[in-house]
Every structure is written in structure tokens, then in C-alpha cells.
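Here the structure is laid out as C-alpha cells; the discussion comes afterwards.
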Amino acid sequence: MTIETCINFCASGNFIMAGVEFGHCDSSIQIPSVQEPDSDCDMACSGNATELCGGPVRLNVFQSNQPPPVIVQSIHAGQGLWTYEGCFTDTPAARTLGFGVNIPGGTTAESCTAACQAAGGFLNAGLENGHECWCDNSVHAPTQRTGDADCRMVCSATHSEFCGNANRIAVYQFSASGVPPVQQCLQTAVGNFSLVAQFKNPPTSGSSTVPLKVVIVELVGNTIWTILSVSSSRRGAVLE
């Protein structure tokens with residue numbers, strides 16, 4: 001293992017990032033990874049002792065000059081338009097979209113939306129796990145919308161696009177008029193609920209949410225200001 005052999009191996013698979021630790025490739029840096037000091041990557045490469053190849057649970061990352069992958073936001077289909085609606089949770093026991101489609105040529109946002117349209121004029125298409133395509137006319141509960149960062153697994157068919165993630169489905173909705181649809185609430189009946197904050201970068205252990213409490217609400221003109229309190233034990237955490 002050297003930096004050069006790792007980069008060459010990753011480039012041969014069309015990845016845009018290479019990391020020397022034990023040798024890793026990807027086209028995006030996955031959550032919850034965070035940047036650490038260069039001094040943490042202090043282990044010599046087994047193939048060249050003059051180079052450094054990461055460290056204990058540390059990865060030296062190199063990026064090519066290729067453009068990074070993206071979540072495709074819209075796809076034109078004749079006079080109609082497919083629009084990205086967001087990243088949603090999904091499980092095998094309760095599918096967010098219920099009809100799976102096999103795409104021999106490889107799953108991308110374009111091929112999945114086209115397959116769902118051809119399979120019966122479905123209004124929703126979803127990309128999951130890098131290679132899965134799902135279709136339906138409804139987005140089924142109990143799915144919950146999550147941050148777009150949760151749907152950052154590159155498509156197996158192309159490293160220029162993201163195709164959802166494990167148990168995360170990137171959902172697209174079709175509009176025959178070509179006008180992007182207005183997002184609808186999955187549930188309109190709201191009962192008692194608890195106010196919580198969701199970590200933007202979830203911790204590796206423990207809950208991904210913390211309780212919140214409204215401590216003051218102030219009305220200034222037509223603007224309402226709300227101050228929220230979070231447990232002091234999680235102070236300084238980045239929340240969204």
C-alpha cells in the first residue's frame with residue numbers, strides 16, 4: 001500500500017476520492033466523519049515508508065479534480081417534470097414506496113423515474129441503497145423526512161449522482177403540467193407531541209435527538225421570536 005497505488009486503484013473504479021488507511025474508495029465523505037489534525041495520520045505506508053497512510057481509525061483522503069456527485073433536483077419527461085421531494089426513511093417491513101423495479105442498465109435518477117413512468121404511470125419514484133428503484137402513487141407512513149445528507153450514497157451505475165442510502169430513499173414526484181408539485185404533509189392530524197432537536201451530525205452512540213423546551217416567546221410586529229432550551233449536557237452540539 002502506497003498513496004499512489006491506492007489512488008490508481010480508486011481511479012480505475014471511477015471513484016473521485018481515495019483514502020489511505022487500509023485502502024478505501026468513495027465519491028463522497030460519509031456522515032458522521034469529521035476532519036481531524038494531520039498529525040493523527042502518522043503511520044508509514046507498508047509499501048513506502050517515506051509516505052504516511054493514515055493512522056489508528058484515521059484516514060488520509062485525496063480527491064481528484066472530477067466534479068462531486070449530486071442529488072438530481074429535477075428531470076424533464078416530455079411535457080412533464082419529476083421533482084426531488086426529499087430524503088425519507090424506509091424499512092423492508094414498511095416500504096415508503098411499495099413497488100420495486102429492476103433496471104438492467106443501472107439505476108440513476110433518470111432511469112428510475114423513466115422506469116416508474118413506464119411501469120404504470122406511477123407518480124412517485126425513489127432511489128435507495130445505491131442501486132434500488134421503487135415506485136408508488138403515495139408516500140406511505142410511517143416514513144419520516146430526514147436531511148438530504150442521509151441520501152449520499154453514490155449510484156452504482158454512475159458516480160455523478162447520489163442514489164439514496166441504506167434505509168434511506170430519495171423520492172421524486174411527477175407533475176404532468178411541468179409545474180413542481182406543492183409538498184404535502186404526510187399526516188394532517190396532530191395530537192400531543194414532544195419538541196426535540198435532531199443532530200445535524202448524529203453521535204456515533206446514543207440518541208440522535210435531544211429534548212427541547214420553549215422558554216420564551218416574543219411577538220414583535222408580525223414577527224414571532226422563540227427561544228428554546230436544550231439540556232446543558234449536550235451544550236455546544238450542532239443541531240438543526
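Each reported figure results from applying straightforward, stated rules to the coordinates on display, with no laboratory input. All of these numbers come straight from a predicted model, not from anything done at the bench. All Cβ positions, glycine included, derive from the backbone under ideal geometry; neighbour counts span all protein chains shown.
Side notes on the structure shown:
- Using the empirical formula 2.2 N^0.38 Å as the baseline, the Cα radius of gyration of the range 96-181 reaches a ratio of 1.00.
- Which of 25, 112 has the fewest Cβ neighbours within 10 Å, and the rest in rising order: 25, 112
- Computed over the chain, relative contact order equals 16 percent, with contacts defined as Cα pairs under 8 Å that lie 6+ residues apart.
- Basic side chains Lys and Arg get +1 at the Cβ, acidic Asp and Glu get -1 at the Cβ, and with that the dipole of the range 1-61 about its Cα centre reaches some 160 debye.
- Bins of 5 Å from zero: percent of alpha-carbon pairs in the range 1-114: 2, 9, 14, 15, 15, 12, 10, 10, 8, 4, 1, 0
- Kirkwood radius and radius of gyration were both taken over the C-alpha atoms of the chain, and their ratio Rg/Rh is 1.05.
- Note on the range 1-149: with charges restricted to the Cβ of Lys and Arg (+1) and Asp and Glu (-1), its dipole about the Cα centre is near 480 debye.
- Taking amide hydrogens as placed 1.01 Å from N in the peptide plane, the amide H of residue 45 sits under 5 Å from those of 51, 52, 53, each at least 5 positions away in sequence or on another chain.
- Using R0 = 41 Å, the C-beta based FRET efficiency linking residue 11 and residue 137 works out to 0.45.
- Separation between Cα centres of the range 111-181 and the range 10-26, rounded to whole Å: 26 Å
- Amide proton proximity set for residue 146, modelled H, under 5 Å, gap of 5+: 87, 88, 89
- Counting every other Cβ atom within 10 Å of each residue's Cβ, 212, 195, 127 order from fewest to most as 195, 212, 127.
- Ascending count of other beta-carbon atoms within 10 Å, so fewest first, for 31, 227: 227, 31
- Taking θ as phi - 60° and the Karplus parameters 6.51, -1.76 and 1.60, the scalar couplings of the range 120-130 work out to x, x, 4, 8, 10, 10, x, 9, 8, 6, x Hz in sequence order, x denoting glycine and proline.
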